[in-house]
Every structure is written in C-alpha cells, then in structure tokens.
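The structure appears right after this line, and notes come after that.
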Amino acid sequence: MHIVIAGSSGLIGTALVASLRADRHVVARLVRRRPAAADEFEWKPELGDIDPGALAGADAVVNLCGVGIGDKRWSGAYKQALRDSRLTATDVLANAVAAEGVPTLLNASGVHFYGDTGNRVVDESAAAGTGFLAEMCQDWEAATAPAAKARVVLLRSAPVLAKHGGILHRLKLLYSLGLGGRLGDGRQYFPWISLDDEINAIKFALGNPEISGPLNLVGPAPVTNAQFNRAMSQALHRPAPWIVPRRALVALIGEFAKEAVLASPRAIPRGLESAGYSFRHHTIGEALEAALH
C-alpha cells in the first residue's frame, strides 16, 4: 500500500512509519517545513495549503495531528491550540482526500469522546459525553465530513504505554523515586493501550476494508486508577503509598485534572475484537512489563 501520514514525528507516528516500512509499504510523510527527503511533502494546514502531489496515488491517509493534551497547563489559549491543531489539520486533509479520491482515511480521535462514564462500560455505539475533551473529539471527528465518500475510520485512542515518551515517560521517574500513588479516590477508570497494540491495531484497520466509523483503540482489560497504581508499583518494584486528593490535583493542574485525570471513560475495544484483532498485551501488567523493562 501507499500510505500518507500526517503527524509522523510524534510517538505513534514515528513507530507507525517504521512498522509500515518494515512491512514494505510505501510511506510518505507530510511535514510543516521544507522537505528534506524524497518521502516528505510540505503542508501548511493553518493556511489550507498542501503540496498538490502529496496524496497522488495514495491508498490511504493516516492523520495523527494534535498538540498533546497534557503538555501544558490549560489556559484559554492552549485549549484553543488543542482544538485548532486537530480540527484545522483534519479539515484540510479530509478535503484533500476527497479531491484526490483517496479511498481510505484513518483519523485520530480520543477515548475521551465518551466523557466521564463512571462505572458504565461503553463501546463504539455509545453516545458522546460532555466536557471540553468530549466536545473537542466530537468536532474533531465531524471535521472528517468532507471525506464522506472515502472509508473513514475514527481512531478513538486511549493513552499509549510506551518505553520512550508518552504518559509513562512522566510517571516512571516519580514511581522510581517512591513518589507514586493513587489519584483522587482511585475509582476512576484509566483507559490504556500498549504501543505495540496501538500500531498493530492501526495497521489492522488499514488492511481491513470492512472496518469503518469509530474504533476504540484501548486495551481489553480496563483498570481503575488504584489498580494502575498497584501495577506500576509492582512493575518497578517500588512502593506507591501516596494519595493525592482530588482538590489538590485540581489546584495543581487545573481543568486538565477534571477532564483527563479524574474522569472515568470505561471504554472497551468491541470493534477491534469483533473484527478479529488479537491483542499482544491483554492486561495492564503485560503492557507495563513490555514498556518498562
């Protein structure tokens, strides 16, 4: 296949490019600077510009663009940047896919589409939730509308557990120093997926034309924050006795705490499992063992 990837320099994009090339697919990358290699094509989504030859002959486009939701404390300006980096890029790519007649678009989204579901299990048939992240995900997915004649897959991904980068990059040092602990009451569900399964699930969706619409990229065994805390402690052989109260979390990191840390999207990968995908890492323990050692 000939696959064009936007957002190829991030954690997922870098791993996806390497994996696709190892499988002998042709990969082109969209970059926001002057191209420095034959496989690079320039685009400026904020201006609506994309190299006219970027999508020529492409079998699929994978859009992974988006500023990290936990990279900075949320201000009004940063929340706007979170939205703009996703919606603008998606709109430009969806229109380009439609104009070039590319048959498949895989577009990133997030498991926070469902909002805070508490103990309620949700699959891809569940309605959208409320809150900033849920509404952003709804608008993000809606921005793919110009590509409606293509097969569009909406990748509602959980936080990715990886050896280098991502959420574990921030947590590993804290737990290694014995500073890990439960967040809030610990009963909120923490959606997760290993990097291997994230990449393999994306490739699985690329190669299966019957898959379309929303697709939860989450591990098959959801855990609460308290269970995740115990698994991190066991994986690193370090105590994690601390409890960070909800009020302290909100004071420390603001709205992000309410929307992402204390929210409980208990999503399951029904779409992947129904399509026959086989997970490499079935439990949080397996995923952490692979990522931390």
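Taken together, the values in this text are just the output of simple stated rules run on the coordinates, not laboratory data. Treat the numbers as computed from the prediction; the structure is a model and nothing was measured. Glycine gets a Cβ as well: all are built from the backbone with ideal geometry, and neighbour counts include every protein chain shown.
For the pair the range 166-242 / the range 1-63, the C-alpha centres are spaced 27 Å from each other.
Divided by 2.2 N^0.38 Å, where N counts the residues, the Cα radius of gyration of the range 2-292 comes to 0.99.
Taking Cα atoms only, the orientation of helix 167-176 departs from the longest principal axis of the chain by about 30 degrees. Here is the list for the range 206-293: GluC sites (Glu not before Pro) lying in DSSP coil, each with at most 15 other C-beta atoms within 10 angstrom of its C-beta, are GLU210.
Taking the longest Cα principal axis of the chain as reference, the axis of helix 11-22 is set at about 50 degrees. Among ALA251, ALA162, ALA267, the largest mean-square fluctuation in a Gaussian network model of the chain (Cα springs under 10 Å) belongs to ALA251. Computed about its Cα centre, the charge dipole of the range 178-276 is approximately 520 debye, with only Lys, Arg, Asp and Glu carrying charge at their Cβ. Convex hull volume per residue, computed on the Cα atoms of the range 74-223, equals 137 Å³. What is the sum of charges, Lys and Arg at +1 and Asp and Glu at -1, for the other residues whose Cβ falls under 15 Å from the Cβ of LEU179? Net charge around LEU179: +4.
Taking the convex hull of the alpha carbon positions in the range 158-293 and averaging its projected area over all directions gives 8.2 nm². Under a Gaussian network description of the chain, with springs only between Cα atoms under 10 Å, the residue in ILE193, ILE12, ILE167 that fluctuates furthest is ILE167.
Within the same chain, lysines fewer than 8 places from LYS172 are excluded, and of the rest, those with a Cα less than 17 Å from its Cα are LYS163.
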